[in-house]
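Structure first, then comments.
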Amino acid sequence: YENDAHAQAHAHAHATPLLLSQLMADSMDYYVRKLHSYQAHKHDQQTMHAHIERELSEHFGEDATSKLSSLEHGTHFLLNMLLCSATLPSRPLHSAPSSTQPLKTGAAADAARVPSNTLLLSSAAADSNSQSNSSVMPIPMAMQFQSPSPDEVAYAEALCAHGLILEERQVDGTTVIGVVRPSSSAMHRLRFKVLATLEFTARRKRMTVIVEDEFGELHLYCKGADSTLLRMCRAADRQNVV
């Protein structure tokens with residue numbers, strides 16, 4: 001990510017940040033719309049899923065089934081990067097005033113990188129059209145990330161620069177992630193509960209968490225060395241296990 005961010009003079013360097021921007025914009029727009037629809041229809045459990053699927057299909061248009069499946073997978077991939085990690089976020093005491101630094105996402109964020117793991121973001125008004133019970137709040141002034149792994153810090157920085165912000169980890173396992181959609185100037189705060197964790201070890205070469213999302217659904221996220229995870233995926237595929 002750093003190499004891409006500091007090589008803007010070369011045309012091929014634009015590929016990675018732009019692809020990441022598009023993946024995040026589409027997936028997070030899908031997730032927030034899905035959450036809005038869920039909260040509007042959750043009182044009727046029998047028809048809730050049908051309502052959600054219909055509303056998402058109407059928005060995303062032709063070939064919606066295939067596209068929704070792709071967006072669902074993309075969303076879990078991005079959330080896995082932040083939820084399955086030991087990265088801790090913080091706001092520096094010397095954060096700049098909100099009026100001094102406009103929010104930049106995507107490729108524009110790469111060109112406006114802030115040194116020392118500090119990402120400055122502007123505050124923004126809440127989205128008055130939001131139907132979500134998730135908090136729609138001003139964007140935090142600045143974020144720093146700490147982790148035993150430099151790779152995990154880089155992941156959090158890259159996602160934050162593109163509008164997916166690891167904001168808070170609470171002692172009860174609640175993790176707060178902010179989403180800044182390109183179509184809105186506000187940040188939607190999403191809450192996840194980490195119910196169980198298997199830490200990364202040199203023997204396992206991976207970390208695993210069980211997470212409950214705002215839909216009440218449970219997910220197992222795993223992240224680690226590609227040599228270990230790819231071998232496990234191939235073994236699972238032979239047994240027809242997903």
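The values are calculated or read from the model by the stated rules, or taken from the named source; none is laboratory data. None of the values given here were measured: they were computed from a predicted structure. Cβ atoms come from the backbone with ideal geometry, glycine included; neighbour counts cover every protein chain shown. What goes into the accessible areas is simple: the full protein's heavy atoms, side chains included, and nothing from ligands, DNA or RNA. Shrake-Rupley method; radii C 1.70, N 1.55, O 1.52, S 1.80 Å.
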For 19, 68, write out the residues from largest to smallest accessible area, computed with a 1.4 angstrom probe and no ligands counted. 19, 68
Using θ = phi - 60° and the Karplus form 6.51 cos²θ - 1.76 cosθ + 1.60, what ³J(HN,Hα) does each residue of the stretch 212-222 get, whole Hz, x for Gly and Pro? 9, 9, 6, 8, x, 8, 9, 9, 9, 10, 9
Whole Å is fine, so just give me how far the alpha carbon centre of the stretch 40-92 lies from that of the stretch 198-230. 19
Can you order the peptides 150-161, 203-214, 222-233 by their average number of other Cβ atoms within 10 Å per residue, highest first? 150-161, 203-214, 222-233
